[in-house]
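Visitor: The following block contains the structure, expressed as structure tokens.
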Amino acid sequence: MTHTSPQGIERLRAHVADLLERSPWYREKLAGIDPASIRSPEDIARLPFTTKQDLSEHHGRFLCVPRQAIAEHVFTSGTTGRPVPIALSAADVERLARNEQNALGTAGITAADTVQITTTLDKLFMAGLAYWLGLRAIGAATVRSGPGHPEGQWRTAMECGTTALIVVPSFLLRMLEEWERLGLAAHRTAITRAVCIGEPIANTFGEPNLLARRIMERYGIALHSTYASTEMATACTEAAPFAGHVVPAELMHIEVVDEEGRPVPEGQAGEVVATPFGIEAMPLLRFRTGDICSWRMGADTNGIPAKLLGPVLGRKEQRLKLKGTTLFPAHVTDTMNAMDAPPEFVMVCVKDEFGGDDLEILVDLEGPALAQLRDRLRAALRVVPRLTTLPRSAIDTLKWPPGSRKPVLFIDRRSEG
């Protein structure tokens, strides 16, 4: 059962009609389909999927407006392939603002807040643009501090009266550790909540992971996770910490499917498939995000029934099989972040001589500390990847490749050679 409401069916019918009228790509892919025939979840399941490869190889055919109508160019992150350009019209930029106004409002951000954005707002990064637009729509004050410099972030928060952060959670932990190192107390700031991006802070619904617990042990801050992608142009944010990402049904239809593209039952994990509504320049249908999440039914901030997505367990393309054990890079990251002093590290995966996965962790530890890490990984994962000591400077070079908007912790070389 997919829990698609009658309103959701109607939005999908209108969306398919729009694609047939305006999209060169979908006019061909949906040939012979009458939008009026879409009356049930089973009818939706017969519509074609869209993949990142489709977007990459046939980019121009997805564009539904003339070039002069493009207001913004952004790029996907390129986490599992070459970054893909995404065009936004002026109407799409306005929609992005409404989307993020809704998403940040779901996390409790109001016009009374001063919100510090600790991510980049440039480098063709849609999310940074969305955060700023959403905060302006809410009426909150913004502090565009950007990434890096943990000590400087705290100084800025003190000076500006920051009440909320938009932050990568592992960087928030570094900020707290730096604050402690300086002999200061985090409660001296006005910060009460953080909207966490880029990394999961939960193992499942309602269960904070090791990283989140380490943050909360240092400072009793409310942590709200948010989930989005450039292609979705829509964010799903938690109304309460660890409660699940609320899918805004008026802006996007979400499915969770198995390897064969069939809906998975409530409570089970599968690949997130997104159909964002109301996009003018590059509308998409049933886009396979590659993100693996579980789902359940819950409610939005108004008590209206809503689909909730669990934490991102990993990328479909990044699933690993080590000595018979299935895991995602996020499992390794969570274990590393649980250490008393999290090391700098990068994971590199290649194929071994038998065609299996061979994961190596490059880490700035040696001696007893390296042995302790090996024991932690064995206890947490039931398998130990290869560990190689590398200077922090060399790890940073791998972690921050030229042009990167965020740290790269997993380098997948299984397809090379």
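Here, each number is a calculation from the coordinates, and none is a lab measurement. Small disclaimer: the values here were computed from a predicted structure and weren't measured. Heads up, the Cβs are rebuilt from the backbone with ideal geometry, glycines too, and the neighbour counts pull from every protein chain shown.
Visitor: How high is the relative contact order of the stretch 1-315? Use alpha-carbon pairs under 8 Å, at least six apart in sequence, and give a whole percent.
Guide: On the way: 634 pairs, mean separation 53.4, N = 315.
Reported as a whole number, the value is 17 percent.
Visitor: Which listed residue (401, 60, 83) has the Cα farthest towards the positive end of the charge dipole for the chain, taking +1 on Lys and Arg C-beta and -1 on Asp and Glu C-beta about the Cα centre?
Guide: Highest projection toward the positive end goes to 401.
Visitor: Using unit Cβ charges (K, R positive; D, E negative) and no other charged atoms, how large, in debye to the nearest 20, is the dipole of the stretch 1-124 about its Cα centre?
Guide: Numbers: 14 positive and 15 negative charges, 51 e Å.
With Lys and Arg at +1 and Asp and Glu at -1, about 240 debye.
Visitor: Starting with the fewest neighbours, write out 118, 301 ranked by other beta-carbon atoms found within 10 Å of each beta-carbon. If you can, show how the numbers build up before the last one.
Guide: Working: 118 25, 301 15.
So the residues, fewest neighbours to most, are 301, 118.
Visitor: Using only C-alpha atoms and all pairs of different ones, pull out the Kirkwood radius for the stretch 319-412 in Å with one decimal.
Guide: Details: mean 1/r = 0.0731 Å⁻¹.
About 13.7 Å for the stretch 319-412.
Visitor: Looking at the stretch 1-315, what % of its DSSP beta bridges pair antiparallel, to the nearest 5? Don't skip to the end; give the middle numbers.
Guide: On the way: 34 of 49 bridges.
Roughly 70 percent of the DSSP beta bridges within the stretch 1-315 come out antiparallel.
Visitor: Which residue, 134, 314, 183, tops the fluctuation ranking in a GNM of the chain built on C-alpha contacts under 10 Å?
Guide: 183
Visitor: Hey, quick one: spin label on residue 297, modelled 7 Å out along Cα-Cβ, who in the stretch 245-286 has an amide N within reach, i.e. under 18 Å?
Guide: 245-250, 253-257, 263-269
Visitor: How much FRET efficiency would the formula 1/(1 + (r/R0)^6) give for residue 262 and residue 174, where r is the Cβ-Cβ distance and R0 is 41 Å, rounded to 0.05? Walk me through the numbers on the way to the answer.
Guide: Working: r = 41 Å, r/R0 = 1.01.
FRET efficiency, residue 262 to residue 174: 0.50.
Visitor: For a Förster distance of 22 Å, can you work out the FRET efficiency between the beta-carbons of residue 82 and residue 319, rounded to the nearest 0.05? Please list the in-between numbers first.
Guide: Working: r = 20 Å, r/R0 = 0.93.
Once the sixth-power term is evaluated, E becomes 0.60.
Visitor: Still on this structure, I have one more. Convert 20 °C to kelvin, take the viscosity as 1.002 mPa s, use the Kirkwood radius over C-alpha pairs of the chain as Rh, and evaluate the Stokes-Einstein diffusion coefficient in µm²/s, rounded to a whole number. Intermediate values should be presented prior to the final figure.
Guide: On the way: Rh = 22.4 Å.
It diffuses with D of about 95 µm²/s by this estimate.
Visitor: Compute, for the chain, the length of the dipole vector about the Cα centre, with Cβ point charges of +1 (Lys, Arg) and -1 (Asp, Glu) only. Units Debye, rounded to 20. Working shown, then result.
Guide: Details: 46 positive and 50 negative charges, 35 e Å.
It works out to roughly 160 debye.
Visitor: Sticking with this structure for a sec: Counting other beta carbons within 10 Å of each Cβ, put 219, 227 in order, fewest first. Mind dumping the intermediate values first?
Guide: On the way: 219 18, 227 26.
Listing 219, 227 from fewest to most nearby Cβ atoms yields 219, 227.
Visitor: Which of 152, 40, 335 sits closest to the plus end of the dipole of the chain, meaning its Cα is farthest towards the positive end, when Lys and Arg get +1 and Asp and Glu get -1 on the C-beta?
Guide: Final value for the positive-end residue is 152.
Visitor: Using 1/(1 + (r/R0)^6) with R0 = 56 angstrom and r between the beta carbons of residue 43 and residue 408, what's the FRET efficiency to the nearest 0.05?
Guide: The value I calculate is 0.90.
Visitor: May I pose another question? May I ask you to sort 149, 245, 73 by Cβ crowding, counting other Cβ atoms within 10 Å and putting the fewest first? Before the final figure, lay out each step's value.
Guide: Numbers: 149 14, 245 30, 73 11.
Going from least to most buried by this count: 73, 149, 245.
Visitor: Beta carbons within 10 angstrom, averaged per residue: use that to sort the peptides 36-47, 356-367, highest first. Show your work: numbers first, answer last.
Guide: Working: 36-47: 14.2, 356-367: 17.1.
Those peptides, ordered most packed to least, come out 356-367, 36-47.
Visitor: Rounded to the nearest 500, what is the 222 nm mean residue ellipticity of the chain from helices alone, with -39500 (n - 2.57) per DSSP H run of 4+ residues and division by all residues? Could the numbers behind the result be given before it?
Guide: On the way: 13 runs with 132 residues, N = 417.
One gets -9500 deg cm²/dmol as the mean residue ellipticity at 222 nm.
Visitor: Can you tell me, using C-alpha contacts under 8 Å and at least 6 residues apart, the relative contact order of the stretch 319-412 as a whole percent? Each step should come with its number before you reach the end.
Guide: Numbers: 132 pairs, mean separation 28.7, N = 94.
Relative contact order, the stretch 319-412: 30 percent.
Visitor: Right, another one. In debye, nearest 20: dipole of the stretch 335-417 around its Cα centre with unit charges on the Cβ of K, R (+) and D, E (-)? It would help to have the intermediate numbers written out before the result.
Guide: Working: 12 positive and 13 negative charges, 50 e Å.
That gives a dipole near 240 debye.
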